[in-house]
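Q: Submitted below is the structure of interest, expressed as structure tokens.
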Amino acid sequence: DGLSATCDGGNVRINGLRVGSAAKEHQVSPSHFGRLTMTTGTLEITGSGAAGLFGIGREREPIIMDDNNKGGELVMTGDSIIRANGLIVGERTHGLLSIGPEAIVELRTWVTTPTPGFGGTEDIRIGNYGKPYDDFGAEPNLDGRGRVDVEGTLLVKDMYFSEHGAKGEIRLLGGDVTLNGSLIMDVCENCVSTPSIIAQRMAKVSIVGST
């Protein structure tokens, strides 16, 4: 929340991780942008739901500021590895996940029985809650905007873009993505019907020399 951190080794297991703020009062200040850089090591995030969410750029209400100060980013370089029970990038605000050439992100389901560990694949949501979403009432001008840059490896089940009227983008820049489920590029539940607002949704996949 407003800070930068670096993970440069070891094997760390935690329940939840939010890169950036999740507090309702953070609407106008640019000081809550969060950044996590991983240069090596393994990070495992086992939780799910509100208590164990893995989110990059997640404000609980909109923030009005320029693009350089919204939300959070997670930058992976070297041979860093993340295993997590699902991921949201850019919920209500801006979020960026950058997976370097040697880095690996595996989104897998965490199971506790018979032996605790990661099982099958889990979902990624890129862009969640944008301006067309019209169900919160007290949260106007939501600006969910997520982007994932893949130069390394990404393993995932279903991939959701532009959920609830947000903007979502993935760029494959030489990396490898294994998609075990569906590519879902137009989810706009509870969206307004005004054409000029609904047109602000965006889902984009760019593939450049990748698999």
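The values are calculated or read from the model by the stated rules, or taken from the named source; none is laboratory data. Here the structure is a predicted model, which means the values were calculated and not measured. Cβ coordinates were reconstructed from backbone atoms using ideal geometry, including for glycine residues, and neighbour counts include every protein chain displayed. We work out accessible area using only protein heavy atoms, side chains counted, and drop any ligands, DNA or RNA first. Shrake-Rupley method; radii C 1.70, N 1.55, O 1.52, S 1.80 Å.
Q: Of the conditions (1) crowded, with 24+ Cβ neighbours inside 10 Å; (2) at pLDDT 95 or above, Phe54 satisfies every one except a single condition; which number is it?
A: (2)
Q: Here's a check for you: in the stretch 162-190, which residue that is in a strand (DSSP E or B) and among the hydrophobic types (A, V, I, L, M, F, W, C) is nearest to the chain's Cα centre (by Cα)? Steps first, please.
A: Looking only at the stretch 162-190, we keep the residues that are in a strand (DSSP E or B), and these are 162-163, 167-172, 176-179, 183-184.
From the residues that got through so far, the ones that are among the hydrophobic types (A, V, I, L, M, F, W, C) too are 170, 172, 177, 179, 183-184.
Details: Ile170: 11, Leu172: 16, Val177: 16, Leu179: 16, Leu183: 15, Ile184: 15 Å.
In this case the residue turns out to be Ile170.
Q: Check whether at least one residue in the stretch 191-202 is aliphatic (A, V, I, L, M), open to solvent by 30 Å² or more (accessible area, probe 1.4 Å), assigned to a strand (DSSP E or B) and touching a residue at least 40 places away in the same chain (Cβ under 8 Å), and report yes or no.
A: There is at least one residue in the stretch 191-202 that is aliphatic (A, V, I, L, M), open to solvent by 30 Å² or more (accessible area, probe 1.4 Å), assigned to a strand (DSSP E or B) and touching a residue at least 40 places away in the same chain (Cβ under 8 Å).
Q: In addition: If you check Gly144, Gly127, Gly119, which single one turns out to be farther than 22 Å from Ile184 by Cα and touching a strand residue (DSSP E or B) at 6+ places or on another chain (Cβ under 6 Å)?
A: The unique qualifying residue is Gly119.
Q: Next question. Tell me the residue from Gly72, Gly95, Gly117 that is open to solvent by less than 20 Å² (accessible area, probe 1.4 Å) and free of Cβ contacts under 8 Å to residues at least 40 places away in the same chain, please. Steps first, please.
A: Numbers: Gly72 fails: free of Cβ contacts under 8 Å to residues at least 40 places away in the same chain; Gly95 fails: free of Cβ contacts under 8 Å to residues at least 40 places away in the same chain.
Selected residue: Gly117, the only one of Gly72, Gly95, Gly117 that is open to solvent by less than 20 Å² (accessible area, probe 1.4 Å) and free of Cβ contacts under 8 Å to residues at least 40 places away in the same chain.
Q: Please verify whether the stretch 137-155 includes one or more residues that are in a loop (DSSP other than H, G, I, E, B), open to solvent by less than 30 Å² (accessible area, probe 1.4 Å) and at pLDDT 90 or above.
A: Scanning the stretch 137-155 turns up at least one residue that is in a loop (DSSP other than H, G, I, E, B), open to solvent by less than 30 Å² (accessible area, probe 1.4 Å) and at pLDDT 90 or above.
Q: Then there's this: Which condition breaks for Gly9 when tested against (1) modelled with pLDDT of 95 or more; (2) part of a strand (DSSP E or B); (3) surrounded by fewer than 20 Cβ atoms within 10 Å (Cβ to Cβ)?
A: Unmet condition: (1).
Q: Which one of these does Glu163 not meet: (1) surrounded by 19 or more Cβ atoms within 10 Å (Cβ to Cβ); (2) at pLDDT below 90; (3) in contact with a Pro (Cβ under 6 Å, 6 or more places away or on another chain)?
A: (3)
Q: Do you know which residues across the stretch 98-114 are aliphatic (A, V, I, L, M), in a strand (DSSP E or B) and either open to solvent by 30 Å² or more (accessible area, probe 1.4 Å) or farther than 19 Å from Phe161 by Cα (or both)? Quick ask: steps written out before the conclusion?
A: Quick first cut of the stretch 98-114, residues aliphatic (A, V, I, L, M) only: 99, 103-105, 107, 111.
Next cut, in a strand (DSSP E or B) only: 99, 104-105, 107, 111.
The answer is Ile104, Val111.
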